[in-house]
Amino acid sequence: MLRRAERALRRSAVPSLSRFEKTMPVNWIALTVFVICFAGVTILGFASANWRKGDLDLIHEWGLGGGTFGTLITWFLIGGDIYTAYTFIAIPALAFGAGAIAFFAVPYTTLIYPITFVVFPRMWSVCRRHGYITAADFVRGRFGNRWLALAVAVTGLVATMPYIALQLVGLEVVIAGLGLPTTGVLSELPLLIAFVILAAFTYTSGLRAPASIAVVKDVMVYIVIFAAIGVVIYRFGGFGPIFEAVPAAKLVLATPPAGSTGAYTTYATLAFGSAAALFMYPHALTAILSSSTRDVIRRNSALLPAYSLVLAFLTLLGFMAIKMGVGSNPLYTDLFKRYSNTFAVPALFLDIFPSWFAGFAFAAIGIGALVPAAIMSIAAANLWTRNIHLEFINPRATPQQEAKMAKLVSLVVKLGALYFVVGLEKDFVITLQLLGGVWIIQTLPAVLIGLYTRWFNSWALLVGWAVGMGFGTYAVAQTGFKNATYTLSIFGTQVPAFAAVYALIANIAVAVVLTLVFNMAARPERRDATVAADYV
Amino acid sequence: MVHRIDDDPRRHKRASPWRWLLLIPYPALLWVPFYNAVEPRFLGFPFFYTYQMAFVVLTAIITAVVYLITD
C-alpha cells in the first residue's frame, strides 16, 4: 500500500511535463461501446446462476458447473480458457518486436489436441468415478500420498496467480487504448470496477458465469479477427504487402550458427513444452472436468483447432502493426513507452478501425480477460479447498462448508492477483508467469504419467518434482529472469531450449532412478484408490 | 455425490491402431528445418506460415478421422 501511495505521489509530482507532451484524448465513442458491452456481460454473468439450475451451495455445482456442459459449451469454455486476453495482447506484441518466433503459439496450440484426445478422456473418467475435482485430488487417490498431492496443489496455485494477474494486465492495456488516464489517482479505477464485476459474478454463479460469457466473448473475437482480415484484403489486396513490411531477419527463424541448434530447438521446445504444460494448469482441467461425457472431450479435440487458426491470424496482427507504422506514430508514443510492445494491438485497432468498432474490439479483449480470470480463480479456489483446507486444516468440512470456503478463496485469489498488478512492477509479473509455466510442467509425471501407470514410487515423484522446480528456477535465474531459454551443451553442440523441458527431463530421470532404488530397499507401494476399469 | 455414469466401460474397445496417426503432427511441426523458409509463397504468405497453418487444419482432420473410426 505504501509503495502504491509513493508511486501515485511520484506521478502527481510531474504533471507539468506531460501537459506539453502530445497525449491521446479520451475516445468517447469507443468508451461508450466498451462500457455497453461490459454492462451486457455483467448482467449475463449474474443471470448465469439460474442457467441449468443446480445447488450452488455445493462445490461440485459451483466449481464445475455440475459437470453438465455439452460439446458446444465446452468448446467455448476451453476456447475462452486457452486463448486469453493476455494471449491476444502478448503474442502479436512478440511478433511485432521479435518476428517469426512468436508463431510458436500456433504449433503449441495445435500439438495440445492429439494429447487431449488420448489422455483427457481417461482423466475425465477416473475423476467422475471418484468425485475428484482437481488434479491433486487424483494424485491423492492414485498415490495415497498427501504430500505429493500438496506439491501438485501448491504448484497449481503459484502458477495460476500470476496468470490471473496477466489477464488484468491485458485489461489495463485496452483501457489505456480507450484514452483513459494511465497516470494519477483515477488511473486504477477502471481496473478496479472490472475487478469488482468479475469477483461478484464468479462468487454468485461459479463456473456457469465464465461458461456463458465465453460464448459472447468468442463470437466477438471471431468478428474482430474477420474484420481485421477484411481490412487487410480491402486495403492491400492480401497479406503479401504485410509480410513485405517485416524485416527479412524477422520473417523466418534465423539459421542456427555452426555448433549450435540455435532458434530451431528454442522454437520447437517452446511449442512442445507449452503444449505439455497447458493441461497441467488447474483452469484447463476445470474446463475438461465440467464436460458432461468423455465423448465431449474427444469431439472437442477435433473442433478446438479452429481457435488456433484464429490465433495464427492474431499473431499476424503484430506484422500488420509493423506495416501500419504504429510504433512511430507520435499519438501512441507515450503509451508505447509505458506498455512497450504490448500496446501494438490496441494501437493497430485504433489505427485501422472506426472508433465504435475499436471500442467493440477492445471489449472483446477485455471480456477475454474476465473469462479465464474467472475460471482460473475458481480452479485455484477448488485446489485450496480440496487439497489444503480439507486435507490439512478441517477434514470434517461438509460439502456446504467446502463450497463456502471455495467462494471466499476465489475472492482472495483475485485480490492477490489485483495486488500483483497494482502493487508490483509489470516485468516482475511477467517473470512470475514465465516461471509458472516452468513450474506447472513439473506436475506432469504425477498427473499425466500417473494416468497410465502406478509404477512410480510416490516419494520418488516428490523428489523428482523438487529437482525439476529447483533446476527450472535456477535455469530461468541464469537469464536474469528475462526469458525461459536455457542452453545445454550436448556432445559439443549448444542446444538452447525452453528451460521447462530440460527441468522436466531431470524430474522424470530422478523419479525413475529413485523408484528403482526404493523398490530395491523396500516392497513397492501398493496404495491406489483407483482400479484399471476407472480409466476407460 | 452421485454421478450418472453414461459411459459403459465395455463400450470402449482396445486402442485402435488408427490412433498412431495422431503422432504425425509432432515430427512435422517440431522439426523446424522442414518449414523454416520464405519460398514458396502462397497468397503472399511465406512458406513458414503456410505450412504451420496448414498443419492446424490437418491435425484437426486427423483427429476427426481417428474419432470417427475409433468410435
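Bear in mind these aren't lab numbers, they're just calculated from the coordinates by the rules spelled out. Just so it is clear, the structure is predicted and the values come from calculations on it, not from any experiment. Positions of Cβ are generated from backbone atoms using ideal geometry, with glycine treated the same way; all protein chains shown enter the neighbour counts.
Overview of values
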{"quantity": "Under 5 Å, built H, 5+ apart or other chain: amide partners of A:Leu488", "calculated": "A:Val495, A:Ala497"}
{"quantity": "Amide hydrogen neighbours beyond the local backbone of A:Ser260, cut-off 5 Å, H modeled", "calculated": "A:Gln494"}
{"quantity": "Per residue Cα convex hull volume in Å³ - calculated over region B:16-70", "calculated": "66"}
{"quantity": "Members of A:Lys53/A:Lys414; A:Lys414/A:Lys482; A:Lys250/A:Lys426; A:Lys404/A:Lys482 lying beyond 29 Å, as alpha-carbon distances in this model show", "calculated": "A:Lys404/A:Lys482"}
{"quantity": "Rel. contact order, % - alpha carbon contacts under 8 angstrom, at least six apart, region A:119-193", "calculated": "15"}
{"quantity": "Simple label model, 7 Å out from Cα along Cβ direction - A:Lys337 to A:Phe428, nm", "calculated": "2.4"}
{"quantity": "At R0 = 51 Å, FRET efficiency that the Cβ-Cβ distance of A:Ala522 and A:Ser328 yields, to 0.05", "calculated": "0.15"}
{"quantity": "Farthest toward positive dipole pole in the protein assembly as shown [+1 Lys/Arg, -1 Asp/Glu at C-beta], among A:Ala475, A:Tyr83, A:Met123", "calculated": "A:Met123"}
{"quantity": "Radius ratio Rg over Rh of region A:346-389, counting only Cα atoms, Kirkwood formula for Rh", "calculated": "1.35"}
{"quantity": "Estimated FRET transfer efficiency when R0 is 60 angstrom, pair A:Ala532-A:Ser355 (beta carbons, to 0.05)", "calculated": "0.50"}
{"quantity": "Residue among A:Ala306, A:Ile288, A:Ala263 farthest towards the positive dipole end of region A:230-389, charges placed on Cβ", "calculated": "A:Ile288"}
{"quantity": "Assigned charges on the beta-carbon of Lys, Arg, Asp, Glu; chain A dipole about Cα centre (debye)", "calculated": "520"}
{"quantity": "Equivalent ellipsoid semi-axes - Cα gyration tensor, the protein assembly as shown, angstrom", "calculated": "37, 29, 24"}
{"quantity": "Model label zone, A:Ala509; criterion: amide N under 18 Å from point 7 Å along Cα-to-beta-carbon; scope region A:454-484", "calculated": "A:460-476"}
